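Data block below; observations after.
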């Protein structure tokens, strides 16, 4: 067991929120076609509120702090907030489009001991990337940011969200990442908007494109192993927890709303009204999330993919039942193994109920894949 | 010459208590360490102003059943190890200032 896994297990046992994603703002200088956010400012937390929240999170035991948005550098107080986070000794990861990161900002991020920076790159071609961000010149600026950050010695990850409009480009983006000495991850996921609007899901790639990604050994490692039929569902699998959301991780919005995960928008409290640690410990919603095991899921517990599926409880919640299947993950398991899930079989048996947009949805890959994001945010640290 | 050794937590780290242990990560290479209960006590007391032997006397020997000589020997090995990874600064003089130094122990 790696040290990171040991620490996560201990945090689970002690009910400590080891990882938090904090979105500073939903405002953004890009307008990505697949974005799940409303970019208007509906009353972001002030600098003082965020600093107080950081203090509360440090006291509650939060170690991994992912600062994201929106575009984080749209906040004029971004570096003031980051300095405070540094003082409270978080392991800080940033997610940004990089457009506002020039040499000076990159140097400051290095000084402040940021652990890593993730920048979204949708294509190596400006006409494709800039069409997705709806910001002319954004690819050049984002790539410049990668260079500035690497010049400072910072770890940089180029994240490539796979969509219909850029599905042909991921191999070239991967080569670009190698050239820039950055990590590369591919995320074949377009999620519903946080308000539940599912119209953006039409941007998801189809099964053919997904099968190709799943059979690219440079991305998944051992293809035969990765695409193997699912292992039998045993008692351990039935008692297993879905993911870290609500167990050792949670998400805080720019308005102070606490959710189990950024992809699991079940309101669980607001830090403007209740202390962070009290929400974490006592929120009825988070407590309910913590009770759910595979055994409690009527459909998934009977499914042959139960032990190996990457079912996202947040996407299941957005489909209407956090104990139900996530069709996006069913589709992913199908593309990987060629074996339909119980959920897909039921949908195919009742064609009238089949939602064509759902059947082509896909979701992140299993955590064993080396170049593909792991849902648990603690995966980056090496064991000593 | 001052023979005492002073130790201070580096500013290039992330750290947090987890139960009776402490997680420490080097910001320079993302390597993660865990410190046990005794090492955590030394870590928390490493303020750059308190000599190591005084930390051992007041924070280790007073709370754990460890002989002072053995504790100091072990502590010096620990300090050397952590300093080698850039997690602790060690000096024969009090360490009063680092750029963005940590405000308080994790």
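Read-outs: derived from the displayed coordinates by stated rules, not from any lab. All values derive from a computational prediction rather than experimental measurement. Because the Cβ atoms are built from the backbone with ideal geometry, glycine has one as well, and the counts that use them run over all protein chains shown.
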> If eta is 1.567 mPa s and T is 4 °C, what Stokes-Einstein diffusion coefficient results for the protein assembly as shown, Kirkwood Rh from Cα pairs, in µm²/s?
Replying inline: 54
> Considering every residue in B:13-22, what mean count of other chain Cβ atoms within 10 Å of its Cβ is obtained?
Replying inline: 6
>> Given R₀ = 30 Å, what would the calculated FRET efficiency be for residue A:175 paired with residue A:222, taking r from the Cβ atoms and rounding to 0.05?
In response: 0.85
> Given that compact globular proteins tend to follow 2.2 N^0.38 Å, what is the ratio of the alpha-carbon Rg of region A:227-321 to that value?
Replying inline: 1.19
> Cα gyration tensor of chain B, axes a ≥ b ≥ c as square roots of the eigenvalues: rounded (a/c below 1.5), prolate (a/b > b/c) or oblate?
Replying inline: oblate
> Where both residues lie in chain A, what percent of DSSP beta bridges are antiparallel, nearest 5?
Replying inline: 10
> Once label points are set 7 Å from the Cα along Cα→Cβ at both residue B:74 and residue A:29, what is their separation, rounded to one decimal in nm?
Replying inline: 5.3
>> As a test of the formula, what do you get for the protein assembly as shown when each DSSP H run with n ≥ 4 contributes -39,500 (n - 2.57) and the sum is divided by the residue count, at 222 nm and rounded to the nearest 500 deg cm²/dmol?
In response: -9500 deg cm²/dmol
>> Under the 0.36 nm per residue contour assumption, what length would be gained going from the current alpha-carbon distance of residue A:207 and residue A:13 to full extension?
In response: 65.9 nm
>> Between A:171, A:183, A:13, where does the largest GNM mean-square fluctuation fall for chain A, given springs only between Cα atoms within less than 10 Å?
In response: A:13
>> Averaged across A:121-133, how many Cβ atoms of other chains sit within 10 Å of each residue's Cβ atom?
In response: 0
> Taking N as the number of residues in region A:20-152, what is its alpha-carbon radius of gyration divided by 2.2 N^0.38 Å?
Replying inline: 1.06
> What percent do you get for the relative contact order of region B:6-86 when only Cα pairs under 8 Å and 6+ apart count?
Replying inline: 27
> Fewest to most neighbouring Cβ within 10 Å: what's the order for A:291, A:157?
Replying inline: A:291, A:157
>> Please check: in the Gaussian network model of chain A (C-alpha springs, under 10 Å), which one of A:349, A:228, A:209 has the largest mean-square fluctuation.
In response: A:349
> Exposure proxy check: A:124, A:39, A:305 ranked by fewest other beta carbons within 10 Å?
Replying inline: A:39, A:124, A:305
>> Using Cα-Cα distances under 8 Å and only pairs 6 or more residues apart, what relative contact order does region A:143-183 have, in percent?
In response: 52
> Among A:274, B:22, which comes first, second and so on when ranked by fewest other beta-carbon atoms within 10 Å?
Replying inline: A:274, B:22
> Sorted by mean Cβ packing within 10 Å, highest first, what order do the peptides A:75-85, A:195-205 take?
Replying inline: A:75-85, A:195-205
> Mind checking the mean number of beta-carbon atoms from other chains within 10 Å of the Cβ atoms in A:88-97?
Replying inline: 4
